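Input: a single structure, listed below in structure tokens.
The values are calculated or read from the model by the stated rules, or taken from the named source; none is laboratory data. None of these values were measured; they are calculated from a predicted model. We place every Cβ from the backbone using ideal geometry, glycine too, and count neighbours over all the protein chains shown.
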């Protein structure tokens, strides 16, 4: 059932050519962990907050992600990521659905990490591979998608 929802929502996203660097569609349609990397602290019973360098890591269940994001200053969000249970073939499906140009694909400590660029997403970071605005990791049955990068663990 989750795969059907993923295909439907990704198809809608592609049909309208929506540029969305925040991965909101995951937050409203899948169970998992949603993380905001921001310089803004937020006190909410549905979010855990960790200090990280000069910013904060805000973690919540996907069912609260839209609510939490609405309380944040969008200009202070430096990145977002979403983790969910899945199989390796779903990584390839994401690459196809978002029309991601794979810039780097490597296995680090048995974790598949893919850096890419897609016109479907906004902000990017310059790396030795080129301009990256989406990163996908597959680690023992967990898929993590981050934009522009996965700034935390995967």
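Does the stretch 101-114 hold any residues that are touching a residue at least 24 places away in the same chain (Cβ under 8 Å) and either surrounded by 14 or more Cβ atoms within 10 Å (Cβ to Cβ) or touching a strand residue (DSSP E or B) at 6+ places or on another chain (Cβ under 7 Å) (or both), and which are they?
Passing the criteria: 103, 104, 111, 112, 113.
Any idea which residue in the stretch 81-94 is surrounded by the most Cβ atoms within 10 Å (Cβ to Cβ), counting only those that are assigned to a strand (DSSP E or B) and in contact with a helix residue (DSSP H, G or I) (Cβ under 8 Å, 6 or more places away or on another chain)?
So the residue we want is 82.
If I filter the stretch 59-77 down to residues being surrounded by 15 or more Cβ atoms within 10 Å (Cβ to Cβ) and within 12 Å of residue 33 (Cα to Cα), which single residue comes out as farthest from the chain's Cα centre (by Cα)?
64
Residues of the stretch 138-154 being in contact (Cβ under 8 Å) with a residue 60 or more places away in the chain and assigned to a strand (DSSP E or B), which ones?
Hits for the stretch 138-154 are 143, 144, 145, 146, 147.
Any idea which residue in the stretch 95-123 is farthest from residue 55 (Cα to Cα), counting only those that are outside any strand (DSSP E or B) and modelled with pLDDT of 90 or more?
My answer is 96.
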